[in-house]
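Enquirer: Right, I'll just put the structure down here and ask away after.
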Amino acid sequence: MRTWGLGLRLALQANRVRLVVTALAVSFTVAFLLGALGALPARQAKLDRLNARDFVSVDTNASKGLKHPPRVTLETANGWYRGKPFTVRLVEAEPGAPRPPGLDRYPGPGEVMVSPDLRAAMQAHPKELASRVPGRVVDLLPDAALSGPHELFAYVGVAKVRYGQVVQHFGYHPRSQPTPVELKIAAWLGAVGLLVPVLVLVGTATRLSASSRDRRLSALRLVGATPRQARAIAATEGLVAGIAGVAGGLAFFWLLRRPACALLPFPDGVFAQDLMPTGLEWTVVVLGVPLLAVTTGVVSLRKVVTGPLGVRRQAPLKSVGWWRLVPVLVGLGMLVAMRLRADRWAPGHGIGTGLLLGGGGLTVIGLAVAAPAVSRLGGRLLSRMPGISPSLAAGRIESDPTASARVVTGMVLVLFVTAWLLAFLPVLQANRGSSDAALLQTLPKGLLTTGSAIEPVDLGAVRALPGVRAVVDLGRSTVAGPGRRDPDDAHSVTVASCTALGRALGRDLGCGTSKVHRIGLSDWRPGTRVDVLDADSRVTSRLALPAVIPTLGFPAQLLDGGFFDGDLLVDPSLLQADAGTTRLVIRTDGTAAAVERARAALPLSLAFTATTLQEQVATTGQVYLGYLRAVRIGLVLALLIGAASLAVTTADAVNERRRSLATLVAFGTPLRVLRRSVLLQMGAPMLTNVVAALAAAAVASACYLGTLQTQNGETWSLPWGSWALAALTAGVAVLLATAATLPLVSAIGRPEALRAE
Amino acid sequence: MTEPMLTARDLHLSFGASPALAGASVDVLPGEVLALLGPSGSGKSTLLHCLAGILVPDRGEVRYRGSRLDSLSDELRSGLRRTDFGFVFQFGSLVPELSAVDNVALPLRLGGHRRRESEARALEWLERLEVADVAHKRAGEMSGGQGQRVAVARALVSGPRVIFADEPTGALDSLNGELVMDLLVGAAREQGSSIVLVTHEPRIAAYADREVVIRDGALAAAVVA
């Protein structure tokens, strides 16, 4: 116990820089871990909030005439506002009716309760939302009533809800569905991936001023400290740093939780209080991280014997052989094999999946194993350069390539994984919404489409709005060809003016003078006479198809997307009966103000269904962009931590070599030569390892994407631009980190340092 | 005849291919000051380290109060260094991050004594060695002479039976060197401790009761002062 006390005293009085750096590194570890592990509970909490607000309805027919408890009737309308999902619940409530979480009472007729973001939007643009949120705002919805802090949500009190449902109870599911295993694995992988550079920083920090620690332990051994006591003292130093780090990490987590929520790829954001790991995860992190710090400190002493006369290494420095390249080459070889036999061994097939996972995993491990060899290659390249600085740097790298590679490894692994993700994410996105994404390229921005109109629409008024370029209503009719035997032989056709549709879509559809057009592939024969049917399949009129039916040029995605009914476009003038409005197409100038102006002019039922293509794509796109942003932020964070490791290592290496540096300066070596040698010593191993990591990522990505291409016939390109940017960022981080330590070279490289020593 | 406190017989020790000790034998009597003399590289420091149980000889034996010292475990030899032996070396024997009083109290604290008691005894010794004014300064904030007197205090604080001093005045001027030796030898004699002193300075060797000369790792001559 007293040894621990002495260790505590030494930890606090000895190298405080090491203590602070280690504690900071542990703080980052704890904060990152808590943040990453809290993401899944945050997602779960979001689902729980939605489910708690959802409700089970009453079968009103079954209970008609019976005495019933106080009721609330709700009608929910989901729509969009300025690119964000937007929900309004119309409420007709009796006193004492069941309420969703967060509501003390329901708004009465003419009253409105809104989320904070919706109120801000209403204050900023009162006219745009007046029709959709009618009434006087009487209260703000608290957090408990919302699924996210940026949700646009309102309860609107009305005297009579027309199309609503009577609530039996709130809370649709007793419990939300559990988080999928894949997501859990992904979160843990993300946490571990981010941990790698942090652990490197912890390891680096514990090695700081190793020689002064060795001197201290030797002095203690001389006056009778047993080996066990020396280890306990070293462990106490690690423990102090670990405990201080956990305290700092908790503070970081608490302070940065709110901004961190903005980085999570969930629509409407996440409440800070929901970003909270589970109790087990808290325990693992709070107890495990200090234990890890202690273990790191003790393990770093494992290979040395501390005696009363000093420290000696138990094992000599190992030579770095080229065999270290074998694992990464085998890993890449497996991926190449998968690519070459893509027709038989594609992922999904047993062997293909094995090759993909085995090859990818072996490549990651192999890069770490190969790092010293690749660093030595950097040293050898340096030794061929003219000048003293490269020779000095090459000598240092060659003497211990493993030490050079230690700091580099974390950054390189992160770079490899990031590079692979940058290549893979577009595939994920394409699988989810390629048709929408392609449509965005072909259709004008700010094109609103609606669902069926129940109420009459004043199209003239909409057309007259500023920013509205064109409006067309699409109708639907049913026709049947000659020889029809049963109602199933009837076909739908879209009823609209071709020229008006062309104007609305902003495209020349090639309408010509014809009043009937084919939409895509169609087997209607020109010149045929067809029957026009009503809802009861009775013939209301006859229509003669023209001798020539031109085909309109629509993007294929528009045809696949259920935009049109059937495969014929018929001008309304050819039909005797009104075809109604199944869809309005409103082309605006693309500004948010024009889109919202058009929505506000529509009847309430249409205003909520009116959606732009950008908004539809955003549903899947936001998640994709969120993941992409998370990957980029992860990369930048990892590089920052890696750069911090590098700066710490460089500063310590310079400090430990102060005598030899001062001697070199005393002999007349210019300081700039030493500064350059320090830069090269750190930069060369990093550069060669970054090149190796990107090359491995390029081969791995090309193999994987090539295999997908063989499988699906789609073409994917490698994201060279993003990779170059990632490499550039890594290079700049390395340069800045090393450059930050150069003043130290100038300070301790002066000949006076010899006296001080 | 007085039984030797420490006995070394036919010690051999090599560092790699270089022999440091080649059959050295020596006795240390209770309360005597024994000087080990010899040119650089003769093996006198290595012999001192073997006598103190810091190094274990390849061959031969070291006995302390009749029991084998060289075959004891590291743990037990560490215990002896804490309770029965004291050390004053030329450099680096103080823990630079600790104050003088903490340094002196170290052997006691490592031996399980309470902090307050350890510090009180440490302060007594610092006063006796006339360095109480630097009690709360760290090693780097003291002069060389003060630092060596603190080291002497630490060597004496646990009441050792043997003090090993390897060039204790090597980094000091003659005046400070003599002061440190006066204090070391005076205090050791007062509590009946033996001193094994490695030096190449005749002036310092003059403090010894007996001198032995080491050459090529073995005893070359013995002189009673």
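The values are calculated or read from the model by the stated rules, or taken from the named source; none is laboratory data. Predicted model only: the values in this text are computed from it and were never measured. A quick note on method: Cβ atoms are made from the backbone with ideal geometry, for glycine too, and the neighbour counts reach across all protein chains shown.
Enquirer: How many residues are part of a loop (DSSP other than H, G, I, E, B) and either free of Cβ contacts under 8 Å to residues at least 40 places away in the same chain or over 20 Å from the mean Cα position of the chain (by Cα) (or both) if we restrict to region B:131-168?
Expert: 7
Enquirer: Just one of A:Leu332, A:Leu340 is exposed (fewer than 15 other Cβ atoms within 10 Å of the Cβ) and assigned by TED's automatic domain parsing to the domain that holds A:Val414; which is it?
Expert: A:Leu340
Enquirer: Considering only residues that are under 13 Å from the mean Cα position of the chain (by Cα), facing chain A (nearest Cβ under 7 Å) and not in a helix (DSSP H, G or I), which ones fall in region B:75-125?
Expert: The answer is B:Phe87, B:Ser93.
Enquirer: While we're here: Answer with yes or no whether A:Val457 is modelled with pLDDT under 90, under 20 Å from A:Leu575 (Cα atoms) and assigned by TED's automatic domain parsing to the domain that holds A:Gly566.
Expert: It is false that A:Val457 is modelled with pLDDT under 90, under 20 Å from A:Leu575 (Cα atoms) and assigned by TED's automatic domain parsing to the domain that holds A:Gly566.
Enquirer: Continuing with the same structure: For region A:688-757, which fully contained helices (runs of 4 or more DSSP H) count at least 2 residues that are more than 30 Å from A:Thr353 (Cβ to Cβ), modelled with pLDDT under 85 and hydroxyl-bearing (Ser, Thr, Tyr)?
Expert: A:720-740
Enquirer: Another question, if that's okay. Taking the conditions exactly as written (buried (at least 24 other Cβ atoms within 10 Å of the Cβ), modelled with pLDDT under 90 and closer than 25 Å to B:Glu178 by Cα), does B:Leu110 satisfy them or not?
Expert: Criteria not met by B:Leu110.
To keep it simple, each residue is scored yes or no on (1) at pLDDT 90 or above; (2) within 30 Å of A:Gly38 (Cα to Cα).
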residue: A:Leu118; (1), (2): yes, yes
residue: A:Gln123; (1), (2): yes, no
residue: A:Ser131; (1), (2): no, no
residue: A:Asp143; (1), (2): yes, yes
residue: A:Leu146; (1), (2): yes, yes
residue: A:Glu151; (1), (2): yes, yes
residue: A:Ala154; (1), (2): yes, yes
residue: A:Gly164; (1), (2): no, no
residue: A:Pro180; (1), (2): no, yes
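Enquirer: In addition: Looking at B:Leu47 and the list (1) farther than 26 Å from B:Met5 by Cα; (2) more than 10 Å from every other protein chain (Cβ to nearest Cβ); (3) assigned to a helix (DSSP H, G or I), which single condition is not satisfied?
Expert: The one condition B:Leu47 does not meet is (1).
Enquirer: Does A:Arg43 fit the bill of being of a type in the set (D, E, K, R) and within 14 Å of another protein chain (Cβ to nearest Cβ)?
Expert: Considered against the rule, which asks whether it is of a type in the set (D, E, K, R) and within 14 Å of another protein chain (Cβ to nearest Cβ), A:Arg43 comes out as no.
Enquirer: Which one of B:Ala35, B:Ala52, B:Ala22 is more than 26 Å from B:Leu110 (Cβ to Cβ), in contact (Cβ under 8 Å) with a residue 24 or more places away in the chain and buried (at least 24 other Cβ atoms within 10 Å of the Cβ)?
Expert: B:Ala35
Enquirer: Now, a different point. If you take the residues in region A:210-234 that are crowded, with 21+ Cβ neighbours inside 10 Å and over 15 Å from B:Ser93 (Cβ atoms), which one is farthest from the other protein chains (Cβ to nearest Cβ)?
Expert: Among them, the one singled out is A:Ala234.
Enquirer: Out of region B:1-29, which residues are part of a loop (DSSP other than H, G, I, E, B) and among the hydroxyl-bearing types (Ser, Thr, Tyr)?
Expert: Listed by number, the list holds a single entry, B:Thr2.
Enquirer: Say whether the condition of being among the charged types (D, E, K, R) and surrounded by 21 or more Cβ atoms within 10 Å (Cβ to Cβ) is met by at least one residue in region A:67-85.
Expert: There is no residue in region A:67-85 that is among the charged types (D, E, K, R) and surrounded by 21 or more Cβ atoms within 10 Å (Cβ to Cβ).
Enquirer: Would a scan of region A:47-60 turn up a residue that is touching a Cys at 6+ places or on another chain (Cβ under 8 Å), within 30 Å of A:Asp268 (Cα to Cα) and either of a type in the set (A, V, I, L, M) or at pLDDT 85 or above (or both)?
Expert: no
Enquirer: Given (1) facing chain A (nearest Cβ under 10 Å); (2) within 19 Å of B:Pro160 (Cα to Cα); (3) surrounded by 19 or more Cβ atoms within 10 Å (Cβ to Cβ); (4) among the hydrophobic types (A, V, I, L, M, F, W, C), where does B:Leu69 come up short, assuming only one miss?
Expert: Here B:Leu69 clears every test but (1).
Enquirer: Scan region A:393-416 for residues that are over 25 Å from the mean Cα position of the chain (by Cα) and surrounded by 24 or more Cβ atoms within 10 Å (Cβ to Cβ) and jot them down.
Expert: Matches in region A:393-416: A:Ala393, A:Ile397, A:Pro401, A:Ser404, A:Ala405, A:Val407, A:Val408.
Enquirer: So if I check each of A:Gly512, A:Gly467, A:Gly502, A:Gly520, which one is farther than 24 Å from A:Thr588 by Cβ, under 41 Å from the mean Cα position of the chain (by Cα) and not charged (D, E, K, R)?
Expert: A:Gly520
Enquirer: Tell me yes or no: at least one residue of region B:178-188 is within 17 Å of B:Phe87 (Cβ to Cβ) and either in contact with a Cys (Cβ under 6 Å, 6 or more places away or on another chain) or not in a helix (DSSP H, G or I) (or both).
Expert: No, every residue in region B:178-188 fails to be within 17 Å of B:Phe87 (Cβ to Cβ) and either in contact with a Cys (Cβ under 6 Å, 6 or more places away or on another chain) or not in a helix (DSSP H, G or I) (or both).
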